[in-house]
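One structure below.
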Amino acid sequence: MIFHPSILALYVASLLISFMVLYSSAYGVQILRRWDIQSGSELQLFLERKTYLISTLLTYVFGFELLSLFLYIFTVDQLSTFFVGAMCAAGTLYVNNYGYPTLILKLVNFLLAGLWLILNYADNRGYDYPLIKKKYFFLLILTPLIFAETVLQANYFLGLNPNIITSCCGSLFSVGEQGFTSEVVALPSIPMKIVFYVAMALTIASGLYFYYKNKGAYFFSCASAITLLTSLVSILSFICLYFYELPTHHCPFCILQKEYGYVGYPLYLTLLSGTISGMGVGVLMPFRNTKSLSEIVPSVQKKLTLASLILFTLFTAIVTYRTVFSNLILEGY
Amino acid sequence: MIELINIRKVFNQGKPNEFVAIHGINLLITPHQVTVFKGPSGSGKTTLLSVIGCMARPTSGRIMLSGREITSLPERFLTEIRQKTFGFIFQQLNLIKGVSALENAMLPAYPSGEKHAPLKKRAMSLFDLFDLSSKAASRVEWLSGGEAQRVTIVRALINNPSVIIADEPTAHLDSKLSREFMEIIARLKTEQKTVLIASHDPLVYESPVIDRVINVRDGNIERSA
């Protein structure tokens, strides 16, 4: 199983990402300790040249980190045929204790890597490396998480035993079981719909307000993060039911399968990308008054806001379309 | 004003073939003057001009251009400075064969995205100024040595830079053409251009148009005259 092409790709990629991030962090430490833009010393000029390499390298590395979340989900979904009991990624992830922690960590790293890329993009547009120490400090926070992801992912794939009988998504995401997911799937649909649409409406409204008035960036940023959480809960609680047209099937992974037109991919992609763009607006906010970024940050923030608004609207449109036109009539569940 | 602060340039640093081309040079270059860097081959003249013109980064030290520090600038900003501030005349003419003289001269302006019509008009007025109008449509390989040299000067001026950098510009010219070249330099000086020339040609550094001669030897400045 370890020789499955996707697993090998994830292995190699995670090792490369970890190595590159470690290499970059070593220079990051040096930059945090020794960077002095006023100095014309050999070390300073060396660090200035080196930061181009690191920045370019990390752009590709984190670009792949973003992709690897979807490759991971795709892979575990494909592997479900190898395990008795597994119907989709949900069962495969449950084969050992590392599947879900890896997924959660990949999700966290996806968001953090996206935010790092936004910070790096803004920094590269300033003439005096205005965010250099901040972005390398951020990198140092991200590095152990990337390593933890590599270790967890390796443990997960190495621990895949085809003789294990796993649980199917029907039992993992069902009402009546004990645990957080059961409590989430048991949430009543109408209040959850209200929470989902109010959260999304507030986020989109605050995004539009920031886009046109240049005010409320932090609110929009926080709203984007909250919208991610409410949307994930809503997917479990009621959204996926409309795709499956079954009132009891709450699996967030089956929508990634061919039977449902792989609709899970655009759904998660729009949601996650919209969240990163929205949160990025707030991340850049403290640097609006930095001299070399005073014209750049507002422009980048506008682009991010627009991207976020489009992506969240698209996500809501897919959900709403399915909710309205599904054969399932869900009332009171 | 261009100020060089402790500029040092080392090639192949840390390797057996390490070579120190410039040893901690401090220098102030006055604007609107013609300055010649004089010295034998391998003395560091070309390296020094490359560093000043943002074509190469120093190993250590800083350069101030009109009060702005430029050596620390990220590449995207250096490209802009190279385009807008400096015009280069190389020892090898570096003209593209098979392309007209006019197209060769307009080439450095293309990245700016300027519309073709005003750009062509500007190029043609420069061709007029250098008595090259009749040769604008000619391929560069059909031009004489002097004409080709003048095309490189038009090319250096196409973005209206404030500083002209010429590296051994008379190396491949006979005496008559070299004198003609210095007449053009005199004209550029009257147009308030700052001109930096690397040369060991007496026709250049002994020319009356020169304001300052800086002797460069073994990567050091010997004296200023």
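Nothing in this text is a laboratory measurement; each read-out follows from the coordinates by a stated rule. In this text the structure is predicted, and so the values were computed from the model without any measurement. Here Cβ is always computed from backbone atoms with ideal geometry, including for glycine, and neighbour counts include all displayed protein chains.
Could you work out how far the C-alpha centroid of region B:19-47 sits from that of region B:193-219, in angstrom? So the two Cα centres are separated by 10 Å. For a modelled paramagnetic label at A:Ile165, 7 Å from Cα along Cα-to-Cβ, the residues of region A:65-88 in reach, with backbone nitrogen under 20 Å, are A:80-88. Based on DSSP H segments of at least four residues, each scored -39500 (n - 2.57), the protein assembly as shown has a per-residue ellipticity at 222 nm of -18000 deg cm²/dmol. Amide H to amide H distances under 5 Å link B:Phe88 with B:Ile165, where only residues 5 or more positions off or on other chains count and H is placed in the peptide plane.
The slack between B:Ala171 and B:Gln92, meaning 0.36 nm per residue of separation minus the straight C-alpha distance, is 27.6 nm.
Could you list B:Met1, B:Met124 in order of exposure, starting from the residue whose Cβ has the fewest other Cβ atoms within 10 Å?
So the ranking, lowest neighbour count to highest, is B:Met1, B:Met124.
The label-point distance for A:Leu140 and A:Val324, in a model that sets each label 7 Å from Cα toward Cβ, rounds to 5.2 nm.
For chain A, what's the relative contact order in percent, using C-alpha pairs closer than 8 Å and at least 6 residues apart? Mind showing how you got there, number by number?
Working: 433 pairs, mean separation 61.5, N = 333.
Worked out over chain A, it gives 18 percent.
Within region A:272-322, none of the chymotrypsin sites (Phe, Trp or Tyr not before Pro) combine a DSSP coil assignment with at most 14 other C-beta atoms in a 10 angstrom radius. The DSSP beta bridges internal to chain B are antiparallel in roughly 50% of cases. Placing R0 at 35 angstrom, the Cβ-Cβ distance between A:Val198 and B:Tyr110 gives a FRET efficiency of 0.10 after rounding to 0.05.
Going by C-beta contacts inside 10 Å, put A:Ile31, B:Ile197 in order with the fewest on the left.
Working: A:Ile31 23, B:Ile197 28.
Fewest to most other Cβ atoms nearby, the residues stand as A:Ile31, B:Ile197.
Here is the P(r) of the protein assembly as shown: all C-alpha pair distances, binned every 20 Å from 0, give 18, 36, 26, 17, 3 in whole percents. Label-to-label distance for B:Gln192 and A:Tyr52 is 3.3 nm, based on points extended 7 Å past Cα in the beta-carbon direction. Using R0 = 25 Å, the C-beta based FRET efficiency linking B:Glu183 and B:Ser133 works out to 0.85. For the pair A:Leu158 and A:Ala186, the difference between a 0.36 nm per residue extended length and the Cα-Cα distance amounts to 6.7 nm. Taking the empirical scaling 2.2 N^0.38 Å for compact globular proteins as reference, region A:173-333 has a Cα radius of gyration ratio of 1.15.
Between A:Ile226 and A:Val84, the modelled label-to-label distance comes to 4.8 nm, taking each label 7 Å out from Cα in the direction of the beta carbon.
Footprinting exposure proxy ranking of A:Trp116, A:Trp35, fewest other C-beta atoms within 10 angstrom first, gives A:Trp35, A:Trp116.
Just to be sure I understand: of the beta bridges DSSP finds with both ends in the protein assembly as shown, what percent are antiparallel, rounded to 5? Walk me through the numbers on the way to the answer.
On the way: 18 of 36 bridges.
Here the antiparallel bridges make up roughly 50 percent for the protein assembly as shown.
For GluC sites (Glu not before Pro), the sites in region B:59-130 that DSSP calls loop and that have at most 16 other Cβ atoms within 10 Å are B:Glu114. Cβ under 10 Å from B:Asn159's Cβ, B:Asn159 left aside: what net charge do those residues give with Lys, Arg +1 and Asp, Glu -1? Its environment carries a net charge of +3.
What whole-number distance in Å separates the alpha-carbon centres of region A:38-82 and region B:79-93? Spelled out, the Cα-based centre of one part sits 35 Å from the other.
Placing unit charges on the Cβ atoms only, positive for Lys and Arg and negative for Asp and Glu, gives chain A a dipole magnitude near 1000 debye about its Cα centre. Rounded to the nearest 20, the Cβ-based charge dipole of region A:159-318 about its Cα centre (Lys and Arg +1, Asp and Glu -1) stands at 780 debye. For chain A, the longest principal axis of the alpha carbon atoms and the long axis of helix A:132-158 meet at an angle near 40°.
Would you mind classifying region B:165-225 by shape? Square roots of the alpha carbon gyration tensor eigenvalues, ordered a ≥ b ≥ c; an a/c under 1.5 is rounded, otherwise it is prolate if a/b is larger than b/c and oblate if not.
Working: a/c = 2.00, a/b = 1.32, b/c = 1.52.
Verdict is oblate for region B:165-225.
When the charge dipole of region B:85-209 is built from unit charges on Cβ atoms (+1 for Lys and Arg, -1 for Asp and Glu) and taken about the Cα centre, the candidate among B:Leu177, B:Thr152, B:Ser133 whose Cα reaches farthest toward its positive end is B:Ser133.
Judged by the ratio a/c of the largest to the smallest principal axis of the C-alpha gyration tensor, chain A counts as oblate, that ratio being 1.5 or greater while a/b is no larger than b/c.
Packing, taken as the mean count of other beta carbons within 10 Å per residue, orders the peptides A:4-14, B:159-169 from highest to lowest as B:159-169, A:4-14. Looking only at A:Gln78, A:Gln301, A:Gln153, which one moves most when chain A is put into a Gaussian network model with springs between Cα atoms under 10 Å? It is A:Gln78. Net charge in the neighbourhood of B:Phe181 (other residues with Cβ under 15 Å of its Cβ; Lys, Arg +1, Asp, Glu -1) is -2.
Need one word for region B:2-224: rounded, prolate or oblate. Basis is the Cα gyration tensor (sqrt eigenvalues a ≥ b ≥ c); a/c below 1.5 gives rounded, then a/b vs b/c decides. Each step should come with its number before you reach the end.
Details: a/c = 1.77, a/b = 1.43, b/c = 1.24.
Verdict is prolate for region B:2-224.
Contact order for region A:67-119, expressed relative to its length and based on alpha carbon pairs under 8 Å spaced 6+ residues apart, stands at 28 percent. Past the 32 Å Cα-Cα mark, which pairs from B:Lys97/B:Lys121; B:Lys9/B:Lys135; A:Lys303/B:Lys9; A:Lys135/A:Lys193; A:Lys291/B:Lys120? Among B:Lys97/B:Lys121; B:Lys9/B:Lys135; A:Lys303/B:Lys9; A:Lys135/A:Lys193; A:Lys291/B:Lys120, the Cα-Cα distance tops 32 Å for B:Lys9/B:Lys135; A:Lys303/B:Lys9; A:Lys135/A:Lys193; A:Lys291/B:Lys120. The Cα center of region A:283-300 and the Cα center of region B:117-153 differ in position by 45 Å. One chain, two ends: B:Ser162 and B:Lys84. Fully extended at 0.36 nm per residue, the span grows by 27.3 nm beyond their Cα-Cα distance. Among the GluC sites (Glu not before Pro) in region A:255-333, those located in a DSSP loop and surrounded by at most 14 other Cβ atoms within 10 Å of their own Cβ are A:Glu295, A:Glu331.
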